[in-house]
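For reference, the structure is listed below as structure tokens.
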Amino acid sequence: MPRPSLPDAPERARGQRDPEATQRALLAAATAEFAEKGLAGARVDEIARRAGVNKQLVYHHFGNKEALYRAALDQVYAGIRVQERALHLADLPPEAAMERLVGFSFDYLLEHPEFVALLNDENRQEAKHLRDSPGLQAMHSPLVELLQETLQRGGEAGVFRTDMDPVNVYISIAGLSYFYFSNNRTLSAIFGRELDGARAVAARRRHVIDFTLRALRP
């Protein structure tokens, strides 16, 4: 009976010596692979090659390709939530806080096209992996609470409407930026404009911020 294949000595030693670094490398490689090819088209061999490890370490650390995909989704969502908390919105006046949040949301999608690609793929799969993520809602609760607090402060100061639901506001903020990036190629073709150029992106960013702030005013 053939023996199961094992990572070669340098890779096995590296994985054993620093398993956290190996997991980070695999998650980074997996995120890139899944963003380019989706879950169905991604290959474990290619993920391992990108990470510079033997593919057996993928199974050792994550179990299977779907579990690695779920971990990659969790990581990209955790990444944006961590950076949102670092905005310190509570330290700013309500309008400045909202402008910072909207600008950050736009910039994050501009700088992380893999996030847009992964979300597109997960939506095609009816969010079945996100639904199985035990910490996903808990991860988003602080953002909703922070947005609620900002809206409340703005309402009390008379600069925001007092009837705005924080979840709806966040969906609107995300949608104004997400659609622009997820559909940039088709929008460019339809309207005959290069919407991925620096000037077009800057104009869209300003529009999204102004549009949101105007919608929130009494």
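The values are calculated or read from the model by the stated rules, or taken from the named source; none is laboratory data. What you see is a predicted model; the values in this text were computed from it and never measured. Neighbour counts are summed over all protein chains in view; Cβ atoms, including those assigned to glycine, are modelled from backbone coordinates with ideal geometry. Areas reflect the complete protein model, heavy atoms only, side chains present, ligands, DNA and RNA absent. Shrake-Rupley method; radii C 1.70, N 1.55, O 1.52, S 1.80 Å.
Quick check: is even one residue across the range 70-79 open to solvent by 70 Å² or more (accessible area, probe 1.4 Å), in a loop (DSSP other than H, G, I, E, B) and touching a residue at least 24 places away in the same chain (Cβ under 8 Å)?
no
From S133, S105, grab the single residue that is surrounded by 16 or more Cβ atoms within 10 Å (Cβ to Cβ) and not in a helix (DSSP H, G or I).
S133
Would you mind finding the one in S182, S172, S133, S177 that is touching a residue at least 60 places away in the same chain (Cβ under 8 Å) and touching a Ser or Thr at 6+ places or on another chain (Cβ under 9 Å)?
Among S182, S172, S133, S177, only S177 is touching a residue at least 60 places away in the same chain (Cβ under 8 Å) and touching a Ser or Thr at 6+ places or on another chain (Cβ under 9 Å).
Can you confirm whether E126 is among the charged types (D, E, K, R) and either modelled with pLDDT of 95 or more or within 21 Å of L176 (Cα to Cα) (or both)?
Values: among the charged types (D, E, K, R): yes; either modelled with pLDDT of 95 or more or within 21 Å of L176 (Cα to Cα) (or both): no.
No.
Give the number of residues within the range 81-98 that are free of Cβ contacts under 8 Å to residues at least 12 places away in the same chain and either outside any loop (DSSP other than H, G, I, E, B) or buried (at least 16 other Cβ atoms within 10 Å of the Cβ) (or both). Spell out how you get there, then give the answer.
In the first step, residues of the range 81-98 are kept if they are free of Cβ contacts under 8 Å to residues at least 12 places away in the same chain; the result is 82, 86, 88, 91-92, 96.
Narrowing the set further to residues that are either outside any loop (DSSP other than H, G, I, E, B) or buried (at least 16 other Cβ atoms within 10 Å of the Cβ) (or both) leaves 82, 91-92, 96.
Residues in the range 81-98 being free of Cβ contacts under 8 Å to residues at least 12 places away in the same chain and either outside any loop (DSSP other than H, G, I, E, B) or buried (at least 16 other Cβ atoms within 10 Å of the Cβ) (or both): 4 in total.
With the structure loaded, tell me whether E20 is within 16 Å of the chain's Cα centre (by Cα), at negative phi and either among the acidic types (D, E) or open to solvent by 40 Å² or more (accessible area, probe 1.4 Å) (or both) or whether it fails that test.
Judged against the criteria, E20 is not a match.
Of the residues A117, A51, A42, which single one is at pLDDT 90 or above, more than 28 Å from N183 (Cα to Cα) and open to solvent by less than 40 Å² (accessible area, probe 1.4 Å)? Lay out the reasoning, then the answer.
Numbers: A117 fails: more than 28 Å from N183 (Cα to Cα); A42 fails: more than 28 Å from N183 (Cα to Cα).
When all the criteria are applied, what remains is A51.
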